[in-house]
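Engineer: Here it is, the structure, as structure tokens.
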Amino acid sequence: MNTLSSDQKAIPRPRAWPLVGHLPNLAQGGLDCVTRYRGQLGDLFELDAGTQTVVLLNHPRHAQHVLVDRAHNYVKQGSFWSSVRSLIGLGLPTIEGDVWRTRRRMMNPQFRRARIHELGQQMAKTLDEQLELWPADGSEVDIAKLVSRATMAVIVRTMFGTGMSASEADQVTGALAFSLDHMLQKVVTDVLPSWVPIPGRQAHERAVAQIDDVLFRLIEQRRKEPSDGGDLLNLMLQMRDDSNGGLSDQELRDEAMSLFLAGYETTASSVSWGIGRMAHQPELRAYVSDEVHRVLGSRQPTPDDVPALEATTRFFNEALRLHGPVFFLPRVAVENDVIDGHPIPAGSMVSLMIDQIHRHPSAWDAPDVFDPDRFLPERSDGRPPTSWIPFGAGHRQCIGKSFATMEGVLLLAMVVQRFRFEPSRDGLPAEQLGITRRPKGGVTLKLSRP
Ligand code: HEM
């Protein structure tokens with residue numbers, strides 16, 4: 001029990017069940033349950049997630065504090081990050097300190113604007129090929145599945161060039177989807193010793209081994225037969241740190257896995273929610289398609305078109321605000337800290353609740369309304385930068401932000417250009433919350449050609 005100094009306030013906490021704490025409420029109520037608690041207790045409160053207590057931070061100023069101003073005090077430790085490490089090992093998202101600094105410096109050039117522009121050419125070509133395969137006979141399709149396949153094809157092409165076959169890509173995608181679903185459960189069960197039988201543990205290990213088979217084969221093949229292609233694996237093979245050392249096979253595997261994990265389902269789910277929104281609200285579709293027809297007509301977009309697709313970019317940003325895949329960011333405090341007058345002792349687990357921050361009334365008018373024009377410059381003045389953080393903030397901000405934005409905008413533009421779509425069911429899908437947020441049961445629509 002921590003004693004409070006005279007100027008500190010105890011952290012509020014809702015009533016909990018014995019042993020399991022607030023888990024049943026969270027499992028049943030999802031993010032609505034967090035919204036309810038915030039209404040009752042304010043922007044900062046703690047929950048008991050079974051094996052650990054987590055301080056939930058729901059205000060944009062909390063993101064500024066944890067991710068930017070005092071970022072050195074908040075590290076990626078705890079069961080969430082050890083669960084992520086069990087899949088991607090020590091890749092850019094999970095490493096810290098000097099090792100992270102050196103690696104990020106090595107990788108930054110691959111994600112700079114000029115380089116993304118080059119990758120954008122391959123992106124547009126791959127998306128074009130994928131969209132050609134979409135069924136458009138008016139039957140019901142799950143657009144989330146089609147979009148995921150398209151963004152997977154993009155990450156495979158830009159990462160591995162032509163090195164990965166379609167069946168290997170399917171093997172990796174299937175295994176990765178399984179592991180993602182298993183990972184949130186791992187957050188709770190990882191505190192148990194490895195000999196405790198946990199359902200799915202072995203299947204998770206098998207899935208990781210399947211992905212490893214493909215990745216190590218590709219790495220070995222590239223070492224034997226260097227290619228002059230500009231894909232990311234090739235560039236990672238050429239990277240040198242300050243002492244002129246390159247990455248080991250294991251390091252390359254971990255980085256490749258990180259880019260896979262971070263790089264396709266995230267973009268896919270935000271684009272899929274966006275398409276679902278357009279299907280249900282024709283005025284939103286008109287918002288994007290009027291611009292697409294004016295800027296592109298029926299010609300295929302290129303990376304050079306993206307700056308002119310301003311309304312489409314605002315639409316994508318709004319989809320990320322309300323439906324962004326990363327809805328929480330957990331950290332552990334290294335030293336004692338104080339947030340809003342509440343003590344945060346060293347070792348505390350805190351979690352930035354991105355979904356709450358993205359709807360915080362101090363930054364957003366009518367926060368639940370999908371309104372892309374809120375990103376017009378004249379309506380953005382004075383909004384704190386950490387009120388919109390789908391890509392995180394501070395030095396650990398997403399390295400793939402420009403890549404994802406280019407892909408999201410190109411994909412949305414190409415879809416409205418080529419297809420008519422109408423909803424096949426009432427309302428938007430529910431949210432499936434795991435390590436990321438996805439549309440539960442997909443986004444079902446009827447697709448046809450205009
Ligand atoms: C809409 C799509 C995406 C979203 C919403 C997203 C979101 C995020 C967020 C929130 C973080 C910060 C995590 C933290 O601070 O704990 C992050 C980090 C990262 N993302 Fe993304 N991401 C997206 C697409 C991509 C793509 C396309 C790539 C690569 C091709 C990528 C690669 C990474 C990497 C490597 C990191 C770790 C960066 C570091 O710690 O230095 N992401 N992403």
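Engineer: Convert each backbone phi in the stretch 148-155 into a coupling constant with the Karplus relation 6.51 cos²θ - 1.76 cosθ + 1.60 (shift: θ = phi - 60°), then list the ³J(HN,Hα) values in order as whole Hz, x for Gly and Pro.
Structural biologist: Karplus-based 3J(HN,Hα) across the stretch 148-155 equals 4, 4, 5, 6, 5, 4, 5, 5 Hz.
Engineer: Using unit Cβ charges (K, R positive; D, E negative) and no other charged atoms, how large, in debye to the nearest 20, is the dipole of the chain about its Cα centre?
Structural biologist: 200 debye
Engineer: Which links in Lys76/Lys401; Lys224/Lys401; Lys76/Lys125; Lys76/Lys145 stretch past 26 Å when you go from one Cα to the other?
Structural biologist: Checking Cα-Cα distances, Lys224/Lys401; Lys76/Lys125; Lys76/Lys145 exceed 26 Å.
Engineer: So what is log10(I(q)/I(0)) for the chain at q = 0.08, 0.10, 0.11 1/Å, when the Debye sum runs over its Cα atoms only?
Structural biologist: Reported log10 I(q)/I(0), two decimals: -0.47, -0.76, -0.93.
Engineer: Here's another thing I want to ask about it. As I understand it, the dipole of the chain uses +1 on the Cβ of Lys and Arg and -1 on the Cβ of Asp and Glu, about the Cα centre. Which of Leu284, Leu445, Leu261 lies farthest toward its positive end?
Structural biologist: Leu261
Engineer: Related question: Just to be sure I understand the model, the point goes 7 Å from the Cα along the line to the Cβ. What's the resulting Asp69 to Arg104 distance in nm?
Structural biologist: 2.0 nm
Engineer: Keeping all protein chains in place, calculate the accessible area per residue for the stretch 221-358 (probe 1.4 angstrom), answer in Å².
Structural biologist: Result: 36 Å² per residue.
Engineer: Here is a further query. Taking a label point 7 Å from the Cα of Lys440 along the Cα→Cβ vector, which residues of the stretch 145-175 have an amide N closer than 20 Å to it?
Structural biologist: Counting only backbone N, you get 145.
Engineer: Which is the longest run of the chain containing none of the GluC sites (Glu not before Pro) found in DSSP loop states (not H, G, I, E, B) with at most 16 other C-beta atoms within 10 Å?
Structural biologist: In the chain, the maximal stretch lacking such sites is 97-334.
Engineer: Compute the length gained on full extension between Gln250 and Gln238: take 0.36 nm times their separation in residues and subtract their Cα-Cα distance, giving the result in nm to one decimal.
Structural biologist: Roughly 2.8 nm would be gained on extension.
Engineer: Put a dot 7 Å past each Cα toward the Cβ at Arg36 and Ala177; how far apart are the dots in nm?
Structural biologist: The two pseudo-label positions are separated by 3.2 nm.
Engineer: Of the heavy-atom accessible surface of the chain (probe 1.4 angstrom), what whole percent is carbon and sulfur?
Structural biologist: Carbon and sulfur together cover 53 percent of it.
Engineer: Say R0 is 22 Å: what FRET efficiency, to the nearest 0.05, do Arg294 and Leu133 get from their beta-carbon distance?
Structural biologist: FRET efficiency, Arg294 to Leu133: 0.20.
Engineer: Per 0.36 nm of contour for each residue apart, how much would the distance between Asp381 and Glu225 grow if the chain were fully extended, relative to their Cα-Cα spacing?
Structural biologist: Extra length from Asp381 to Glu225 when fully extended: 50.9 nm.
Engineer: Given the DSSP H assignment, sum -39500 (n - 2.57) over each helix run of at least 4 residues in the chain and divide by its residue total; what's the result at 222 nm in deg cm²/dmol, nearest 500?
Structural biologist: One gets -16000 deg cm²/dmol as the mean residue ellipticity at 222 nm.
Engineer: For the stretch 23-143, what is the accessible area per residue in Å², given a 1.4 Å probe and the full set of protein chains?
Structural biologist: Spelled out: the 1.4 Å probe surface of the stretch 23-143, per residue, equals 43 Å².
Engineer: Where is the GNM fluctuation largest for the chain (alpha-carbon springs, 10 angstrom cutoff): Asp170, Asp241, Asp128?
Structural biologist: Taking springs between Cα atoms under 10 Å, the residue moving most is Asp241.
The values are calculated or read from the model by the stated rules, or taken from the named source; none is laboratory data. If you're wondering where the values come from, they're calculated on a predicted model, not measured in any experiment. Note that each Cβ is placed from the backbone with ideal geometry, even for glycine, and that neighbours are counted across all protein chains shown. Quick note on the areas: whole protein, heavy atoms, side chains included, nothing else; ligands and nucleic acids left out. Shrake-Rupley method; radii C 1.70, N 1.55, O 1.52, S 1.80 Å.
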